[in-house]
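S.K.: Provided herewith is a single structure, encoded as structure tokens, for subsequent inquiry.
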Amino acid sequence: MKIPGTKYEVNQLGDNLTSNFGAIKLFCGSAAQELGREIGDYLGIKPGAYERTIFSNENIFIRLQESVRGQDVYLVQTMSSPVHDNFMEMLIMIDALKRDSAWRINVVIPYLSYGRSDKKDQPRVPISARLVANMIEAAGADRYITIDLHAGQIQGFFNIPGDVLTAFYLLSDYVRSKNIPDLTVVSTDLGYAKQARNWGQRLNCPVALVEKRRVDNAERPEVMSIIGSVEGRNVLLVDDEVNTGGSVLNAVNVLKQNGAKKIYLAFTHGFFTEKTITRFKDLDDIEEIILTNTIIQPEKYRLPNMTVLSVAPLLAEVIKRAHQGRSVGELFDE
């Protein structure tokens, strides 16, 4: 079978789960129960059991209900809402695993929060992404696995080894299978231009860019113009992450003003709010919203035109390879 989102084929994911690190053990945090079970199904293993309690003072307590001594542990936890509860739970689980003498602790973080705070771009501000990396290391993690960081330099904030994966192949394979005619790839802003070019090469179609500018720190940026032509073309609007949907709303409006026909939206991480979904519902011009399950969406946020692709097979294969000490890069011909 072919692993979705890669160029690699395997016979059965659950085969030969042995390594020098002892037996493999999988745990799923509160924010990744559904995704973690999918990963376990692909690996042919059952996620480990633990007890989570939140006391009246809002302190989180974790108690493992099975031993991990001498085992290679993979903790799956995404940093979805509530971000700080889920992040703190992950840190506490790492500490519990370390104190139970796990051989190696690997944190699998499909969506790493604070990725936008990756540099000191104004006076008297923190670099929060670096702080998050330091806290994960200080808790006792030996390795990390994540998907589509907002900025590549965040990898340098970690002093532990890790695998930064991409959902680009998973998303682009799906779009390519749709055979959309007269397609142009459009980046929501200039910062995503390089990745938009990769989309264009993979789909063998032209690329255009949305030029925008934020005015007075407004939540919704002002869209200035389109660099390139979309007139009479179907459009695939691409980004790495969608939060409030303001950039998408502006981009769709300017695309329609410039003569675009059907508009598709593709991105990796969907950190949705009520405002996001309200905007999506009002955007009748979006043919299909394509995203992954790095963040599990509640039922109320799942729209009829929304397609969610699972990253579980990709993460499962990477977990297996990391456990066996095999190359992850060859999944993508690297």
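S.K.: What distance in nm separates the two pseudo spin-label positions at K300 and R52, each 7 Å out from Cα along the beta-carbon direction?
M.R.: Simple spin-label model gives 2.0 nm for this pair.
S.K.: What percent antiparallel are the DSSP beta bridges of the chain, to the nearest 5? Numbers along the way, then the final one.
M.R.: Working: 12 of 52 bridges.
The antiparallel fraction comes to roughly 25 percent.
S.K.: Check L237: other-chain or 5+ apart residues with amide H under 5 Å from its amide H, H built from backbone geometry?
M.R.: Under 5 Å from the amide H of L237: V186, Y264, L265, A266.
S.K.: Suppose all protein chains stay in the model; what accessible area per residue would a 1.4 Å probe give for the chain, in Å²?
M.R.: 46 Å²
S.K.: A follow-up question, please. Calculate one ³J(HN,Hα) per residue across the range 151-158 by plugging θ = phi - 60° into the Karplus curve 6.51 cos²θ - 1.76 cosθ + 1.60, and present them in order as whole Hz with x for glycine and proline.
M.R.: In residue order, the calculated couplings are 9, x, 5, 4, 4, x, 7, 8 Hz.
S.K.: At 0.36 nm per residue, minus the direct Cα-Cα distance, what do E34 and R124 gain on full extension? Give it in nm, one decimal, please.
M.R.: Details: separation 90, 0.36 × 90 = 32.40 nm, distance 3.97 nm.
Additional length available on full extension: 28.4 nm.
S.K.: Roughly how far apart, in whole Å, are the Cα centres of the range 257-321 and the range 39-116?
M.R.: Using only Cα atoms, the two centres lie 26 Å from each other.
S.K.: So, one more: Explain nothing, just compute: Karplus ³J(HN,Hα) = 6.51 cos²θ - 1.76 cosθ + 1.60, θ = phi - 60°, for every residue of the range 65-74 in order, whole Hz, x for Gly and Pro.
M.R.: 9, 7, 6, 10, 4, x, 10, 8, 9, 10
S.K.: Another question, if that's okay. Around K25, which amide H atoms from residues at least 5 apart in sequence, or from another chain, sit under 5 Å from its own amide H, with H modelled in the peptide plane?
M.R.: Close amide H contacts, sequence-distant or interchain: D72, V73, Y74.
S.K.: Choose one answer from V125, V235, V210: the residue with the largest mean-square fluctuation in a GNM of the chain with alpha-carbon springs under 10 Å.
M.R.: Most flexible of the set in this elastic network: V125.
S.K.: Can you tell me the FRET efficiency between I60 and K194 if r is taken as the Cβ-Cβ distance and R0 is 30 Å, rounded to the nearest 0.05? Please list the in-between numbers first.
M.R.: Numbers: r = 39 Å, r/R0 = 1.31.
The pair I60/K194 has a calculated efficiency of 0.15.
S.K.: Could you pull out every residue, at least 5 positions away or on a different chain, whose amide H is within less than 5 Å of the one on Y111? Hs are placed 1.01 Å off N in the peptide plane, and Pro or chain starts have none.
M.R.: Distant-sequence amide H within range of Y111: M79.
S.K.: With a 1.4 Å probe and every protein chain kept in, tell me what percent of the accessible surface of the chain is carbon plus sulfur. If you can, show how the numbers build up before the last one.
M.R.: Working: 6930 of 15310 Å².
C and S fraction of accessible area: 45 percent.
S.K.: Under a plain spin-label model, where a point goes 7 Å from the Cα along Cα-to-Cβ, how far apart in nm are R116 and N253?
M.R.: 1.8 nm
S.K.: Using θ = phi - 60° and the Karplus relation 6.51 cos²θ - 1.76 cosθ + 1.60, list the HN-Hα couplings for the range 102-111 in order, rounded to whole Hz, with x at every Gly or Pro.
M.R.: Computed from phi, the couplings for the range 102-111 are 4, 5, 8, 10, 10, 9, 9, 10, x, 10 Hz.
S.K.: As an exercise, find the ratio Rg/Rh for the range 219-330 from alpha-carbon atoms, using the Kirkwood inverse-distance average for Rh. Kindly include the intermediate steps, with their values, before the conclusion.
M.R.: Numbers: Rg = 16.8 Å, Rh = 15.7 Å.
Using only Cα positions, Rg/Rh for the range 219-330 is 1.07.
S.K.: While we're on this one: Anything over 18 Å Cα to Cα? Flag those among K178/K275; K25/K320; K212/K256; K212/K281; K46/K320; K178/K261, in the order listed. Can you show the working numbers first?
M.R.: Numbers: K178/K275 29 Å; K25/K320 11 Å; K212/K256 16 Å; K212/K281 23 Å; K46/K320 14 Å; K178/K261 16 Å.
Among K178/K275; K25/K320; K212/K256; K212/K281; K46/K320; K178/K261, the Cα-Cα distance tops 18 Å for K178/K275; K212/K281.
S.K.: A further question follows. Distance in nm between label sites at D85 and Q324, each 7 Å beyond Cα in the beta-carbon direction?
M.R.: With each label point 7 Å from Cα toward Cβ, the separation is 3.9 nm.
The values are calculated or read from the model by the stated rules, or taken from the named source; none is laboratory data. Please read all numbers here as calculations on a predicted model, not as lab measurements. So basically every Cβ, Gly included, is an ideal-geometry build from the backbone, and we count neighbours across all protein chains shown. Accessible surface areas use protein heavy atoms only, side chains included; no ligands, DNA or RNA. Shrake-Rupley method; radii C 1.70, N 1.55, O 1.52, S 1.80 Å.
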